[in-house]
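Chemist: Right, I'll just put the structure down here and ask away after.
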Amino acid sequence: MQQLRGKENVTKSGKKINLYANIGSYGDLAAVIENDAGGIGLFRSESLYLENSDFPTEEEQFAVYRKVVETMGGKKVIIRTLDIGADKQIDYFGLEKEENPALLRLIRMVTENGHKEGIWTGICGELGADTSLTADFIHAGVDELSVSPGAVLSVRRAR
């Protein structure tokens, strides 16, 4: 496998692709570097909350994000804003225990604050393809829904 380090990510048919690693914390970066990932495709920012007994300050969050970006040396780093809920509960958030606690309110809050800073927001995967939520996402101001090819038309119809 080591002979693949430093090589471009090209399919057998010659198509170049981006190959990024997902991380849950700063501690995962060593494996990212060791395995020569092209960047970070998903930095799970909720780890900053799950590893603390109170809300991390803006300065604490910035310091971690900065270390990750600097360590990646100019390679792409995508930070997921926050994924808490059914499988990841954080007591100090004070959210009610529901299947999807305050999900739409959180999406609306993230979208509004992102837009204030000129940042687009998107929802991808199965959640983005949930046609029972499409109108809610649009109402919350989400800019992009990224879904599997087979779900595009049903989401379009649901809008």
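The values are calculated or read from the model by the stated rules, or taken from the named source; none is laboratory data. A quick note: this is a predicted structure, and the numbers were derived from the prediction, not measured. As a convention, Cβ positions derive from the backbone with ideal geometry for all residues, glycine included, and neighbour counts pool all protein chains shown.
Chemist: Here are the criteria: (1) of a type in the set (A, V, I, L, M, F, W, C); (2) loosely packed, with under 15 Cβ neighbours inside 10 Å; (3) part of a loop (DSSP other than H, G, I, E, B). Tell me which single one residue 37 does not satisfy.
Modeler: With (1) of a type in the set (A, V, I, L, M, F, W, C); (2) loosely packed, with under 15 Cβ neighbours inside 10 Å; (3) part of a loop (DSSP other than H, G, I, E, B) applied to residue 37, the lone miss is (2).
Chemist: OK, next. Within the range 143-151, can one find any residue that is of a type in the set (D, E, K, R), touching a Ser or Thr at 6+ places or on another chain (Cβ under 8 Å) and either farther than 29 Å from residue 29 by Cα or modelled with pLDDT under 85 (or both)?
Modeler: Just the residues of the range 143-151 that are of a type in the set (D, E, K, R), to begin with: 143-144.
Next, only the ones that are touching a Ser or Thr at 6+ places or on another chain (Cβ under 8 Å) stay: 143-144.
Keeping just the survivors that are either farther than 29 Å from residue 29 by Cα or modelled with pLDDT under 85 (or both) gives 143-144.
Yes - at least one qualifying residue is present in the range 143-151.
Chemist: If only one of 77, 69 is closer than 26 Å to residue 21 by Cβ, at pLDDT 80 or above, touching a helix residue (DSSP H, G or I) at 6+ places or on another chain (Cβ under 8 Å) and not hydroxyl-bearing (Ser, Thr, Tyr), which one is it?
Modeler: After applying the criteria, what remains is 77.
Chemist: Same structure, new question: Return the residues of the range 115-134 that are of a type in the set (Asp, Glu) and either touching a helix residue (DSSP H, G or I) at 6+ places or on another chain (Cβ under 7 Å) or surrounded by 11 or more Cβ atoms within 10 Å (Cβ to Cβ) (or both); say none if nothing qualifies.
Modeler: Passing the criteria: only 130.
Chemist: Can you report the number of residues in the range 59-91 which are outside any loop (DSSP other than H, G, I, E, B), touching a residue at least 24 places away in the same chain (Cβ under 8 Å) and over 16 Å from the mean Cα position of the chain (by Cα)?
Modeler: Total satisfying the criteria: 2.
Here's the yes/no breakdown for (1) β-branched (Val, Ile, Thr); (2) touching a Leu at 6+ places or on another chain (Cβ under 7 Å); (3) modelled with pLDDT under 75:
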| site | (1), (2), (3) |
| --- | --- |
| 83 | no, no, yes |
| 97 | no, no, yes |
| 102 | no, yes, yes |
| 107 | yes, no, no |
| 117 | no, no, no |
| 128 | no, yes, no |
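Chemist: Here is a follow-up. Going by the conditions given, is residue 80 within 23 Å of residue 114 (Cβ to Cβ) and either loosely packed, with under 13 Cβ neighbours inside 10 Å or touching a strand residue (DSSP E or B) at 6+ places or on another chain (Cβ under 7 Å) (or both)?
Modeler: Answer is yes for this residue.
Chemist: Still on this structure, please answer the following. Within the range 12-32, can you find the residues that are farther than 24 Å from residue 82 by Cα and among the aliphatic types (A, V, I, L, M)?
Modeler: Passing the criteria: only 17.
Chemist: Here's a follow-up. Does residue 54 satisfy the criteria of being on the phi > 0 side of the Ramachandran plot, in contact (Cβ under 8 Å) with a residue 24 or more places away in the chain and outside any strand (DSSP E or B)?
Modeler: no
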